[in-house]
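Report on one structure; see the data block that follows.
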Amino acid sequence: MKKFGIVLFLVSLVSLLSVHTSYAQVKKNMVKKSAIAKRPPVKKTGGIKPPPVKKIPGTRVKMITDSGVIVIRLYDSTPLHRDNFVKLVEQGFYDSLLFHRLIPEFMIQGGDPLSKYAQQGEMLGNGGDELSKIKPEFKPSLFHKRGVLAAARDNNPEKTSSGCQFYIVTGKKYTVTELINMGAQMNRTFTAAEKKAYSTIGGVPWLDQGYTVFGEVEKGIEVADKISNVPRDENNRPLTDIRMKVEIVK
């Protein structure tokens, strides 16, 4: 009987400990849940949309060449040149024409209608005279920094532009000292914006206000660089034809 009482006591003690342990675990879980409930809610960021990208005004054109694609934005501030260029693009005028004149660290030129069926080595650049010339649209803020699109022209005193030929500036960089010296020779003072552009990205400063700038490359300036460095003859025409197809970017 004495042994039985001891066993019964031990069983009761184990049972009591089990209940105590279970209660302690429940209490611990309740404290844990209470702590979790007090935490600030986590903000979800996955559904937040980024702010819309503001598109710079202007009509875009895409030049598809044998060397790659160039996307150009036409300036709204030069409407005569913009509208003329868009009209020719929509007519398919430039399709299959050549970049017929290239000079490294200067520019690439195209748009001569005679280039479409020109023989290899034939000198080009005089086509398009039958088209109406365009009045110059010189703007102080539009200068010949690297990547701009400008209208070619002959040496007419009115500086009217060709009705179809154009060039894209590749250019080179100039130090501020070089620009100051150049300005002194040209009786011109470069603005802060011009100095920054010509010294950081480059361009062709001496053409400013002599040829109308009416657009700029937004994508593909490296394609223009590639074209400007292909082998060429004594007239700066590429030894291998580089053709274009020009489309309006919708």
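Bear in mind these aren't lab numbers, they're just calculated from the coordinates by the rules spelled out. Because the structure is a prediction, the values reported are computed rather than measured. In this analysis, Cβ positions are derived from the backbone assuming ideal geometry, glycine residues included, and neighbour counts consider all displayed protein chains.
Only residues that are in contact with a Pro (Cβ under 8 Å, 6 or more places away or on another chain) and not acidic (Asp, Glu) were counted in segment 52-93, giving 1. Residues that are of a type outside the set (A, V, I, L, M) and either part of a helix (DSSP H, G or I) or within 16 Å of GLN165 (Cα to Cα) (or both) within segment 107-126 comprise GLN109, GLY110, GLY111, ASP112, PRO113, SER115, LYS116, TYR117, GLY125, ASN126, listed in sequence order. When segment 213-243 is filtered for residues that are closer than 25 Å to PRO57 by Cβ and either without any contact (Cβ under 8 Å) to a residue 60 or more places away in the chain or part of a strand (DSSP E or B) (or both), the ones remaining, listed by number, are VAL213, PHE214, GLY215, GLU216, VAL217, GLU218, LYS219.
For segment 183-209, a tally of residues being surrounded by fewer than 21 Cβ atoms within 10 Å (Cβ to Cβ), small (Gly, Ala, Ser), over 21 Å from GLY68 (Cβ atoms) and touching a residue at least 40 places away in the same chain (Cβ under 8 Å) returns 1. Among residues of segment 143-155 being in a loop (DSSP other than H, G, I, E, B) and in contact with a strand residue (DSSP E or B) (Cβ under 8 Å, 6 or more places away or on another chain), the one that is farthest from LYS173 (Cα to Cα) is ARG153. Of all residues in segment 213-250, which are surrounded by fewer than 18 Cβ atoms within 10 Å (Cβ to Cβ), of a type in the set (D, E, K, R) and more than 15 Å from LEU74 (Cβ to Cβ)? Of everything in segment 213-250, those that are surrounded by fewer than 18 Cβ atoms within 10 Å (Cβ to Cβ), of a type in the set (D, E, K, R) and more than 15 Å from LEU74 (Cβ to Cβ) turn out to be GLU222, ASP225, LYS226, ARG232, ASP233, GLU234, ASP241, ARG243, LYS245.
Condition (residue is out of contact with any Cys (no Cβ under 7 Å at 6 or more places or on another chain) and at positive phi) applied to segment 70-91: is it met by at least one residue? There is no residue in segment 70-91 that is out of contact with any Cys (no Cβ under 7 Å at 6 or more places or on another chain) and at positive phi.
Please indicate, with yes or no, whether at least one residue in segment 89-106 is touching a helix residue (DSSP H, G or I) at 6+ places or on another chain (Cβ under 8 Å), assigned to a strand (DSSP E or B), under 22 Å from LYS62 (Cα atoms) and not hydrophobic (A, V, I, L, M, F, W, C). Yes.
Okay, residues lined up against (1) of a type in the set (A, V, I, L, M, F, W, C); (2) farther than 18 Å from GLU105 by Cβ; (3) touching a residue at least 24 places away in the same chain (Cβ under 8 Å); (4) not in a loop (DSSP other than H, G, I, E, B):
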{"position": "PHE138", "(1), (2), (3), (4)": "yes, yes, yes, no"}
{"position": "SER141", "(1), (2), (3), (4)": "no, yes, yes, no"}
{"position": "LYS159", "(1), (2), (3), (4)": "no, yes, yes, no"}
{"position": "TYR167", "(1), (2), (3), (4)": "no, no, yes, yes"}
{"position": "TYR211", "(1), (2), (3), (4)": "no, no, yes, no"}
